[in-house]
Amino acid sequence: MRILSHYFATRFLGLFVMVLAAALMVLAMLELVLNLDDVSGWGRTADEADSGGLASLAAAARYLGLRLTSYYLADILPIASFIAVFAVFALSGRAMELVATSAGGIPPARIVLPVLSTALILSLASVLLHETLILRADRVWSRAEGDVPIEAEIDFARRAFWVQKGPLITNVGYADPETRTLHDVEIFERSQLGAVVRVIRTDEVAIEASGAWRIDEGTIWRFDPIDFTADPQVERDMPLLLDHEALQADLLLSADPALLPLTDLAAYLERAPRATPSSLRRVERRLHERLSSPWLVLVFAWLAVPFALRVDGRGRIAPPAIGAVVTLSLFFVVQNTGQTLAQRELIPVGVTPWATIAIFSAGAALALGMRRT
C-alpha cells in the first residue's frame, strides 16, 4: 500500500514540475515575441545599451525572471496542480490502474489522499514562496514600472512610511496617488557629515506635473551644522517649491503597503491609517488574496479529482476534461465577480477569496459523493 501511495504521489509531483516548467517556457516565449524591445533594454542605461549581445541577454534574463515571477507564478502554481492531478488519475483510469486497485479492495481514498497530501506540502511551500521570491519580485517590478530606482527603499513604521534618498529622509503619514498629494510630511535634510541642518514639516504636499513638491504652508527649522547647542531658526507658514530630483516625487507611487510582508501588512491595517477608503479596501483585499492564494494549490488539486476519476478504460477523457475546464473558468468568474462587488462596497472585502474556495471545495466533495452512489 505504501508503494502504491508513493507511486501516485511521485507521478503527481513529477507532472506538477513538468507542467510548471512548460507553462513558464511558453509564457517566456510570448513575452519575448510581444515585448522584445522592453525585454532587451529593460533596466539598462544608455551606455549599457551599446555594450553588445551579452548585456542584452542579461537584460532579457532579468526582465523575464521578474515578469514571470511577479506577474504569472502565483497563478500558474494552482493551475499546474490542477492539471497534474487530472493527468495522474485520468491516465491511470485509461490504463485500467484505478479499476485494478478497486478490484483489489483498495478504496479510491487510499490513492487520492497521498496526492492531496503532496499538494498540501506544495501549498505550504507556496506560502514561503509568496512571501519571499514573489513578494520581492513584485516590489522590484512595481518600482521599475514607476521609474523608481530599485535601490530606493521604503520603510513603513507606525502610521507612516519613511523614504531615504541621498541627504534627505522623508516621513510621510500617507500618500494619495490619485490626487498626487502627500499628508503629514516631515523632511530631514542632512549635511555631508550626517548632521541634520534643516527640518521641514507640513500637513500637505502637492506633487506637480513636473514632479516638484509644492508646499503652501510649511514650518522650517534650520540648525547650525557646527554649533549643536545653538537654537534653531524657525520659519512658519512658509511656501516652498522643493527639488523633485532629490526628493524622487514618483517614489510615492511605489509606497504601496500591499507589498509589505503579511505580518507588517496586517499591522498596518490595525493601525487604521488615514488613507482613503478606496485605498484601504484595496489593501485589505490584497491581504486576503495573499493569505488565500497559496492554498489554491491544494484546492485546485481537490477540484480536479472528481473529473479525473470519471475517466475509465474506455478512454473517454474529453467530457471530464471539458467539465474540468468549465469548473476552473467558473472559479475565476466567481472570484472576479466577488472582487467587483467588494470594490463597489456591496459585500465585505475579505469574503470573496474564502467564500469562493469554500463553495467550490464543497461542490467537489458533493460530486465525489454522487459518484460513489
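Here, each number is a calculation from the coordinates, and none is a lab measurement. What you see is a predicted model, and the numbers here were worked out from it, not measured in a lab. Cβ coordinates were reconstructed from backbone atoms using ideal geometry, including for glycine residues, and neighbour counts include every protein chain displayed.
Set the Förster radius R0 to 30 Å, insert the Cβ-Cβ distance between Met18 and Ala355 as r into 1/(1 + (r/R0)^6), and round the FRET efficiency to 0.05.
0.40
Between Thr219 and Arg62, full extension at 0.36 nm per residue minus the direct alpha carbon distance yields a gain of 52.1 nm.
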